[in-house]
There are 2 protein chains.
Amino acid sequence: MVGVIGGGQLARMLQAPAVALGVQLSVLAESEDASAALVIPSAPVGAHTDTTAVRRFAQACDVVTFDHEHVPADVLDALAEAGVDMHPSPAALVFAQDKLAMRARLTALAIPCPRWAAAHTVLDVVNFAAVVGFPLIAKTPRGGYDGKGVRVVRGIDDLADWLVESERDRHTGSGPLRDGILLEELVPFDHELAVLVARSPSGQAAAWPVVETVQTDGICTDVIAPAPDLTAELAAAATHAALRIAGELGVTGVLAVEMFRVGEHPAYPDGFLVNELAMRPHNSGHWSIDGAVTSQFEQHLRAVLDLPLGDPRPVAPWTVMANVLGGDYPQIYPAYRHVMARDPGAKVHMYGKGVRPGRKVGHVSVSGEDLADLRERARHAADYLQGIITE
Amino acid sequence: MVGVIGGGQLARMLQAPAVALGVQLSVLAESEDASAALVIPSAPVGAHTDTTAVRRFAQACDVVTFDHEHVPADVLDALAEAGVDMHPSPAALVFAQDKLAMRARLTALAIPCPRWAAAHTVLDVVNFAAVVGFPLIAKTPRGGYDGKGVRVVRGIDDLADWLVESERDRHTGSGPLRDGILLEELVPFDHELAVLVARSPSGQAAAWPVVETVQTDGICTDVIAPAPDLTAELAAAATHAALRIAGELGVTGVLAVEMFRVGEHPAYPDGFLVNELAMRPHNSGHWSIDGAVTSQFEQHLRAVLDLPLGDPRPVAPWTVMANVLGGDYPQIYPAYRHVMARDPGAKVHMYGKGVRPGRKVGHVSVSGEDLADLRERARHAADYLQGIITE
């Protein structure tokens, strides 16, 4: 039995390969109507922050993995003490949970990163701005996702709400920040890339082709697999970096490495910089469900069970995935019929989640040979499902 | 909610596309550990022969479909009376349940069939044998599957156990048979083919490529998609026949038409003869899970919900599917690891069923360009999983 902490759409999408492989899943769900709880028979309800509930859940499972990276360190410690077999391990997971720890470790490994600094006081911010200039990027080390906990800082005023109220002293530049934050240069990137790899406890690893992720307002909206116009050298270097991170950090399961692609520039000789890490199936790999021999969800299951990994090769020259975000259009069923009728080749995935503006409620992918056509079809289907177009 | 009567592997394999499409399934299962009940949250236990249980189950569902064709006519009648929306309808399903009704109807539609007769007495058998000669084929009209209820008859003695005991009089040749049986000529076929189509209540239909099914002792062991060495004319004629059967019989959902392929012969001008019908996802279509844009399981769900049908095109030049039958090798896990390690491209499907000799417990499929290689790989994986080879 594979236990998954968290009942979101990532846990839900593990169910199809689990059925095929004959693997039983159990999910610790936020509620009875959580996305994964609707489709997995064993779905006890409990909070991922409740040590007792999580430990009881984990002890009924052979291995435990995660739908998200929000399980607190003290809960992970309690599981480790109880001898629970976790994938990824807490020692690896910390680098996906804590962005300061991640930057420090990747820098020690000489993996290309944006220039960065840890800031505990306004003076730290001022000093870093003196090096990279404003605007710069500030991130809370923990808890952010989909653009939350990340902001562009054009001046100290933009951090006002992160300063400690009682000691705020912007004029001296010495006020402490409420918590340490991560500062990064604003990278003048051309595109965003993601490299998905999987690694098993035995050390076997596999990589999918590098993909391009198209972001809108900090949320990934489209993924193109493989990334267009990428030289073989850059693809190999980016893949090598991701595999090296997986190995050095001891990641087990799927690792997503989000990257910036930067053009010819003396400051960025590698052509890419690592942006974020996620140690679980990731939105940038949803294309692989219908577009690869082995999907990220099947591979994650194989990896956490230490089974031999599957072939990650694509089944078509191109696959494009478009996210469906909740819109102002709550009646999704007529749109769903329309999309199926208009495009019999569109693979529609709905997550069984209530539609709320901006929430990821599903995705569509299309595979084939004509990239421009695929991009139009995927975007049309997603826009139609989210009510942006109704023609 | 789509209700499925019967909790076997066909119901189980509906779950993956149901998760993707956001469709909730409920399965009326034979037991709590039935193949489908292990992976579908809503799985009440009840017998398909129990009118009260089936009616209660069906009334909680929007539409009802079937894992097998064994639901008795009186149960179907009770559901129809209660206004249950069934796909296929009982009026169509009878032609998959009753082989005599099927032969009469197909003959009326001028669909190529083997020569056949209904036999109620030994005299009927003798008369038919006088036309087609011995050996001939005898089938019980209802309840057979995987070669059960079918036998080769070399003489009247081979039917001894089907004669009414008290009135048996083999010497006069006039004894009555216990029930009416179907007699068919033994067709000198080259290969067996299957044509899978799907049809929705709105009348939309879609066909997958014609496949070749390789049978061993009356059980399908391998499927090759598409069927090799088939002329475009024969493929088109076979597909046309299957689509015509679906339309004329008013089938909704997936229809599998099993056929004999016969060589150049004046008695068989069409080159094929229809053998059997199944109105549900079928073993000959398992290749489509990994080998087609839309699998038979997704298409069946779309059809029974009257959603637009998906693209049935293959994703690779060839896909080969091999069934895993239960063998004398109860420890399947080491074999499962071996198969994954030897062939990362093999798609392994296990049904969560106890291993008993001859029982279908899983299948493996492989897709690619080199048919001979794919056949070897699929067969090796299946033979290994069933303990026939252990190298």
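The values are calculated or read from the model by the stated rules, or taken from the named source; none is laboratory data. Note that this is a predicted model, so its numbers are computed, not measured. FYI the Cβ positions are ideal-geometry reconstructions off the backbone, even for glycines, and counts take in every protein chain you see.
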Q. Given the structure, is A:PHE95 touching a Lys or Arg at 6+ places or on another chain (Cβ under 7 Å), modelled with pLDDT of 95 or more and either within 14 Å of chain B (Cβ to nearest Cβ) or assigned to a helix (DSSP H, G or I) (or both)?
A. yes
Flagged in segment B:1-16 as surrounded by 24 or more Cβ atoms within 10 Å (Cβ to Cβ), over 17 Å from the mean Cα position of the chain (by Cα) and either more than 10 Å from chain A (Cβ to nearest Cβ) or among the β-branched types (Val, Ile, Thr) (or both), in numbering order, are B:GLY3
query = Looking at this structure, is B:LEU10 closer than 28 Å to B:ILE289 by Cα, touching a Lys or Arg at 6+ places or on another chain (Cβ under 8 Å), assigned to a helix (DSSP H, G or I) and not β-branched (Val, Ile, Thr)?
reply = yes
Over segment B:22-38, the set of residues farther than 21 Å from B:MET279 by Cβ and surrounded by fewer than 21 Cβ atoms within 10 Å (Cβ to Cβ) is B:GLN24, B:SER31, B:GLU32, B:ASP33
B:GLU69 fails exactly one of (1) modelled with pLDDT of 95 or more; (2) in contact with a helix residue (DSSP H, G or I) (Cβ under 8 Å, 6 or more places away or on another chain), namely (1)
The residue from A:VAL39, A:VAL64 that alone is within 12 Å of chain B (Cβ to nearest Cβ) and within 20 Å of A:HIS282 (Cα to Cα) is A:VAL39
By residue number, the members of segment A:42-71 that are touching an Asp or Glu at 6+ places or on another chain (Cβ under 8 Å) and aliphatic (A, V, I, L, M) are A:ALA43, A:VAL45, A:ALA47, A:VAL63, A:VAL64
Being modelled with pLDDT of 95 or more, under 22 Å from B:ALA101 (Cα atoms) and not hydrophobic (A, V, I, L, M, F, W, C) narrows B:GLU276, B:GLU298, B:GLU212 down to just B:GLU276
Residue hits (segment A:17-58; under 21 Å from the mean Cα position of the chain (by Cα) and charged (D, E, K, R)) are A:GLU30
Any chance segment B:101-124 includes a residue that's surrounded by 15 or more Cβ atoms within 10 Å (Cβ to Cβ), at pLDDT below 95 and part of a helix (DSSP H, G or I)?
yes
Those residues of segment B:195-236 which are under 25 Å from B:THR252 (Cα atoms) and of a type outside the set (A, V, I, L, M, F, W, C) amount to B:ARG199, B:SER200, B:PRO201, B:SER202, B:GLY203, B:GLN204, B:PRO209, B:GLU212, B:THR213, B:PRO226
Of the residues in segment A:326-340 that are in contact (Cβ under 8 Å) with a residue 24 or more places away in the chain and either within 14 Å of chain B (Cβ to nearest Cβ) or touching a strand residue (DSSP E or B) at 6+ places or on another chain (Cβ under 6 Å) (or both), the one that is farthest from B:LEU307 (Cα to Cα) is A:GLY326
From the option list A:ALA278, A:ALA267, single residue qualifying as away from chain B (no Cβ under 12 Å), among the aliphatic types (A, V, I, L, M) and without any contact (Cβ under 8 Å) to a residue 40 or more places away in the chain is A:ALA267
Considering segment B:233-244, residues that are touching a Lys or Arg at 6+ places or on another chain (Cβ under 9 Å) and touching a residue at least 40 places away in the same chain (Cβ under 8 Å), and then whichever is farthest from B:PRO88 (Cα to Cα), we arrive at B:ALA238
Restricting attention to segment A:39-72, the residues that are surrounded by fewer than 23 Cβ atoms within 10 Å (Cβ to Cβ) and in contact with a Pro (Cβ under 7 Å, 6 or more places away or on another chain) number exactly 2
Matching residues in segment B:97-128 (in the same structural domain as B:GLY155 (by TED's automatic domain parsing) and either acidic (Asp, Glu) or without any contact (Cβ under 8 Å) to a residue 12 or more places away in the chain (or both)) number 2
Residue check for A:ASP290: within 12 Å of chain B (Cβ to nearest Cβ), outside any loop (DSSP other than H, G, I, E, B) and acidic (Asp, Glu)
yes
Over segment B:303-317, the set of residues within 11 Å of chain A (Cβ to nearest Cβ) and buried (at least 24 other Cβ atoms within 10 Å of the Cβ) is B:GLY310
Among strands (runs of 3 or more DSSP E) entirely inside segment B:182-273, those with 2 or more residues being surrounded by fewer than 18 Cβ atoms within 10 Å (Cβ to Cβ) are B:211-216
Expected output for segment A:341-353 (first residue over 20 Å from A:GLY8 (Cα atoms) and at the interface with another protein chain (Cβ under 7 Å from one of its Cβ atoms), partner assigned to a loop (DSSP other than H, G, I, E, B) and at pLDDT 95 or above, Cβ below 7 Å, 6+ apart or cross-chain) is A:ALA341/B:PRO308; A:PRO344/B:PRO308; A:PRO344/B:LEU309; A:PRO344/B:GLY310; A:PRO344/B:ASP311; A:GLY345/B:VAL293; A:GLY345/B:ASP311
Of B:VAL39, B:VAL19, the only residue that is modelled with pLDDT of 95 or more, in a helix (DSSP H, G or I) and among the β-branched types (Val, Ile, Thr) is B:VAL19
Scan segment B:284-291 and give yes if some residue there is within 16 Å of B:PRO112 (Cβ to Cβ), of a type in the set (Phe, Trp, Tyr) and crowded, with 20+ Cβ neighbours inside 10 Å, otherwise no. no
With criteria (1) under 23 Å from the mean Cα position of the chain (by Cα); (2) under 26 Å from A:ALA34 (Cβ atoms), A:ALA335 comes up short on (1)
